[in-house]
1. From largest to smallest, what semi-axes in whole angstrom does the range 350-412 give when each is the square root of 5 times an eigenvalue of its alpha carbon gyration tensor?
2. Nearest 20 debye, what's the magnitude of the dipole of the chain about its Cα centre given +1 on Lys and Arg Cβ and -1 on Asp and Glu Cβ?
3. Net charge around PRO219, counting only other residues with Cβ within less than 11 Å of its Cβ (Lys, Arg = +1; Asp, Glu = -1)?
4. Using Cβ contacts closer than 10 Å as the measure, can you line up ASP178, ASP342, ASP151 from fewest to most?
5. Where Rh is the Kirkwood radius over the Cα pairs of the range 315-365, the temperature 10 °C and the viscosity 1.306 mPa s, what D in µm²/s does Stokes-Einstein return?
6. Given q = 0.18, 0.24 Å⁻¹, what are the Debye log10 I(q)/I(0) values for the range 177-231, with equal point scatterers placed on the Cα positions and solvent ignored?
7. Rank these for me by crowding, HIS70, HIS285, HIS155, going from fewest to most other beta carbons within 10 Å.
8. Running a GNM on the chain with Cα contacts under 10 Å, which residue among LYS401, LYS147, LYS266 ends up with the highest mean-square fluctuation?
Amino acid sequence: MVQLSAMAFSFAVSRTIPGERGRSGSIQTPHGEIKTPAFIPVGTKATVKSALPESISDLGAQAVLANAYHLYLQPGPDTLDEAGGLGKFMNWDRPTFTDSGGFQVMSLGVGFKKVIDMTGDSLNSDDVIAEKRERLAHVDDDGVTFKSHLDGSMHRFSPEISMQVQHKIGADIIFAFDELTTLHNTRKYQEDSLERTRLWAIRCLDEHKKLTDARSSKPYQALFGVLQGAQYEDLRRKAARDLGSMSSSGIEFDGFGIGGALDKSKLGTIISWAVDELPINKPRHLLGIGEPADLFAGVENGADTFDCVAPTREARTSAVYSPTGRFNVSGGSYRRDFSPIDSSCACYTCKNYSRAYINHLFRAKEILGPTLATIHNVYFIVNLVEKMREAIERGDFKEFKREFLGRYKGSE
Ligand SMILES: [Zn+2]
């Protein structure tokens, strides 16, 4: 029984980028295949904001990622379990991911103030992020107590609770509960946090095994361990070695998430440290990264999947991607520009609508503005990573990267 369900998740490498760590491959889940590398759009509350699930699947997204923290608070994991899981609930029949809630309980669960209380003998520089001196998310060795950003009610997440919540939500790929640190934390705090995340990872494996056995009639859920370690090479490598070789209750992680504080200027290097220590035959997800240059660095250095709120969040502010960079389509110069956002783009928005029309929608505060911009942006990023995959398969990733980044100037 266990063996049968375990077969529902697998990963195979197809081609590698010559001289680099990057590769193309395929993840199999109970809800279908994800060809990698792939960008996974974020549907925080079981919806990719402002877009129909059908639009998101039509534009080629292979999976979506929702947030355990948000769905735990609202509508609650029992509702998703009763609905038959996240995919059924939101009418999405492809693979799904949920993150562990660790990032949100420690960043959102504090009233958006990015205040994290440090227990024990925290040093002064650990207080940099606690400038408001509020104790709204409290980390201890057993878990995190936090305040809901919705109504201020108090809640607690532990590795066990995160696993229970994520099993009820029912995504194909779920993440171990980890502690979020920032680049401002002291080296000592990062070390302590890494050890705490390691111990939590063991507890996640144990609880995951228990829940998988107890719910054997449900589709198999793959558990990814999450690597922290901030900007420190030795800590990143240690985290990757610890989690990469970790086994408890007779199971191992099915894949790995690279998370936490990432100095963007060193993104590729930081990923390469982790990738060098991780097993080659398991997928690696880079959490919260989605800008074009960062995606190239991630893919080149061996990350297989990515998620980020940037394409959707930017779209709702009328910032849209083009091959030469991101621009604001609500700007005055586009009022009578009847060309599409990007004339080389094959998305539904660009095939049917002009910059002038979308400019008008945003200025008139019509809901369709964010919808059309979201479809374009998600297509642009999903398609960009798909083109990277094709380039790896063809053997010309580096040429494609040089050509794309040569034209792409970032945001205005
Ligand atoms: Zn488009």
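1. 31, 13, 8
2. The dipole magnitude comes to about 1180 debye.
3. Numbers: positive: LYS88, ARG215, LYS218; negative: ASP172.
Local net charge: +2.
4. The fewest-first ordering by Cβ neighbours comes to ASP151, ASP342, ASP178.
5. 147 µm²/s
6. Debye output, listed in q order: -0.64, -0.88.
7. HIS155, HIS70, HIS285
8. Maximum among the listed residues: LYS266.
Bear in mind that the values in this text are calculations on the coordinates, not laboratory data. Quick caveat, the model's predicted, so the values are computed rather than measured. Cβ: placed from backbone, ideal geometry, glycine included. Neighbour counts: every protein chain shown.
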